[in-house]
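The values are calculated or read from the model by the stated rules, or taken from the named source; none is laboratory data. None of the values given here were measured: they were computed from a predicted structure. Positions of Cβ are generated from backbone atoms using ideal geometry, with glycine treated the same way; all protein chains shown enter the neighbour counts.
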Amino acid sequence: MQDDDFRQREAFLAVVRAGSFSAGARALGRDVSIISRRIAALEKRLGIRLIERTARRIRPTEEGRRYRQILNWQTNCCVKPKRKRVLWQHVRRGPFA
């Protein structure tokens with residue numbers, strides 16, 4: 001379960017930073033369908049909608065923006081420096097960075 005939790009959070013951050021599911025998937029080297037399922041599972045587990053989806057773009061909901069801040073804080077404060085570099089080397093900075 002911990003591994004799934006990490007991958008779901010990683011997918012969420014990649015999509016929000018990249019600005020789209022396809023760009024987030026490319027940043028992580030995964031198929032868009034995998035990224036979409038991970039985020040859907042995360043939203044279901046948390047019981048909140050994190051991303052507003054339209055035909056042309058995505059954007060985080062208010063809850064999604066707060067959740068992103070929490071994840072960024074956790075990563076910056078609680079992850080060992082070496083692990084942090086490995087964690088973020090695959091996530092490109094996007095319009096929400």
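Observations on the model:
- Subset tally (residues that are part of a helix (DSSP H, G or I), closer than 17 Å to ASP4 by Cβ and either among the hydroxyl-bearing types (Ser, Thr, Tyr) or touching a helix residue (DSSP H, G or I) at 6+ places or on another chain (Cβ under 8 Å) (or both)) for the stretch 26-52: 11
- Taken over the stretch 58-73, the residue count meeting the criterion of being touching a Ser or Thr at 6+ places or on another chain (Cβ under 8 Å) and either in a helix (DSSP H, G or I) or modelled with pLDDT of 95 or more (or both) is 0.
- Exclusive hit being more than 19 Å from ASN72 (Cα to Cα), among the charged types (D, E, K, R) and in contact (Cβ under 8 Å) with a residue 24 or more places away in the chain, set ARG7, ARG57, ARG17, ARG26: ARG57
- Condition broken by LEU50, with the remaining ones in (1) at pLDDT 95 or above; (2) loosely packed, with under 13 Cβ neighbours inside 10 Å; (3) hydrophobic (A, V, I, L, M, F, W, C) satisfied: (2)
Results for (1) modelled with pLDDT of 55 or more; (2) within 12 Å of the chain's Cα centre (by Cα); (3) outside any loop (DSSP other than H, G, I, E, B), shown as yes or no for each residue.
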site: ARG56; (1), (2), (3): yes, no, no
site: THR75; (1), (2), (3): yes, no, yes
site: VAL86; (1), (2), (3): no, no, yes
site: HIS90; (1), (2), (3): no, yes, no
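Per-residue answers, yes or no, for (1) farther than 18 Å from GLU63 by Cβ; (2) modelled with pLDDT under 95:
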residue	(1), (2)
ARG7	yes, yes
ARG17	no, yes
ARG37	yes, no
ARG45	no, yes
